[in-house]
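Here the structure is laid out as structure tokens; the discussion comes afterwards.
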There are 2 protein chains.
Amino acid sequence: MFVHTVFFWLNHPDNQADQDALRAGLETLKSIDAIHAAYIGKPAGTRRAVIDYSYDFSITFIFTDQAAQDIYQEHPTHLKFVADCAHLWSRVQVYDAVE
Amino acid sequence: MFVHTVFFWLNHPDNQADQDALRAGLETLKSIDAIHAAYIGKPAGTRRAVIDYSYDFSITFIFTDQAAQDIYQEHPTHLKFVADCAHLWSRVQVYDAVE
């Protein structure tokens with residue numbers, strides 16, 4: 001499997017409209033068929049020195065292989081999400097891992 | 001769901017015995033019943049400016065809720081993994097996210 005993890009930091013995390021807009025955009029991604037399993041998250045309440053909980057949203061999307069993830073990257077729904085929402089975030093950090 | 005993601009950087013990434021030892025230790029974690037789905041990964045071949053591929057291993061463990069993850073944290077198999085393998089890594093970075 002191929003695990004695509006992204007952390008998003010908002011430009012204005014105290015702005016509820018921005019929070020709602022990013023969540024709504026992320027939710028649209030779940031409709032993309034190439035995704036095997038999709039998790040959209042916020043930082044949990046866990047607090048240890050090794051835990052980074054500074055981000056505003058995370059996605060963990062599981063794909064059967066990299067080819068499926070490549071389809072996702074170029075999917076119109078994904079491209080529309082980036083076009084619509086990129087102004088909301090100050091930083092994204094991506095980790096792609098394969099089993 | 002609760003998504004527990006950990007990235008590991010080895011002290012000696014060029015040492016195959018250390019690579020094998022950490023992988024073997026990570027594989028033992030999959031036997032812990034509290035885990036709903038477990039993915040053990042290495043960096044994929046994807047290369048973009050926003051992708052961090054500097055780590056040596058990742059785990060993405062899905063739990064039904066934080067209580068299940070708390071059971072995992074205290075499980076003897078997890079504690080033995082940390083005791084046996086902590087000397088292998090120079091850094092761990094954890095992200096806990098809840099839907």
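The values are calculated or read from the model by the stated rules, or taken from the named source; none is laboratory data. If you're wondering where the values come from, they're calculated on a predicted model, not measured in any experiment. Note that each Cβ is placed from the backbone with ideal geometry, even for glycine, and that neighbours are counted across all protein chains shown. Just the protein is used for accessible areas: all its heavy atoms, side chains included, with ligands, DNA and RNA removed. Shrake-Rupley method; radii C 1.70, N 1.55, O 1.52, S 1.80 Å.
Scanning the stretch A:68-99 for residues that are part of a strand (DSSP E or B) and of a type in the set (A, V, I, L, M, F, W, C) yields a total of 5. One residue alone among A:20, A:14 is in a loop (DSSP other than H, G, I, E, B), farther than 22 Å from residue B:57 by Cα and either free of Cβ contacts under 8 Å to residues at least 24 places away in the same chain or out of contact with any His (no Cβ under 9 Å at 6 or more places or on another chain) (or both), and that residue is A:14.
Can you work out which of the residues in the stretch B:8-42 that are aromatic (Phe, Trp, Tyr) and in contact with a Lys or Arg (Cβ under 9 Å, 6 or more places away or on another chain) is farthest from residue B:93 (Cα to Cα)?
B:9
Taken over the stretch B:1-24, the criterion of being within 27 Å of residue B:64 (Cα to Cα) and either in contact with a Ser or Thr (Cβ under 9 Å, 6 or more places away or on another chain) or crowded, with 18+ Cβ neighbours inside 10 Å (or both) is satisfied by B:1, B:2, B:3, B:4, B:5, B:6, B:7, B:8, B:22. Here residue B:37 meets each of (1) within 14 Å of chain A (Cβ to nearest Cβ); (2) within 11 Å of the chain's Cα centre (by Cα) with one exception, condition (2).
Residues that are within 10 Å of chain B (Cβ to nearest Cβ) and not aromatic (Phe, Trp, Tyr) were ranked within the stretch A:55-64; the one that is farthest from residue A:33 (Cα to Cα) is A:58. For residue B:31, all conditions in the list (1) surrounded by 17 or more Cβ atoms within 10 Å (Cβ to Cβ); (2) touching a residue at least 40 places away in the same chain (Cβ under 8 Å); (3) touching a helix residue (DSSP H, G or I) at 6+ places or on another chain (Cβ under 9 Å) hold save one; what is the number of the exception? Of (1) surrounded by 17 or more Cβ atoms within 10 Å (Cβ to Cβ); (2) touching a residue at least 40 places away in the same chain (Cβ under 8 Å); (3) touching a helix residue (DSSP H, G or I) at 6+ places or on another chain (Cβ under 9 Å), only one is false for residue B:31: (1). Do we find a residue being in a helix (DSSP H, G or I) and open to solvent by 20 Å² or more (accessible area, probe 1.4 Å) anywhere in the stretch A:45-67? Checked the stretch A:45-67: at least one residue is in a helix (DSSP H, G or I) and open to solvent by 20 Å² or more (accessible area, probe 1.4 Å).
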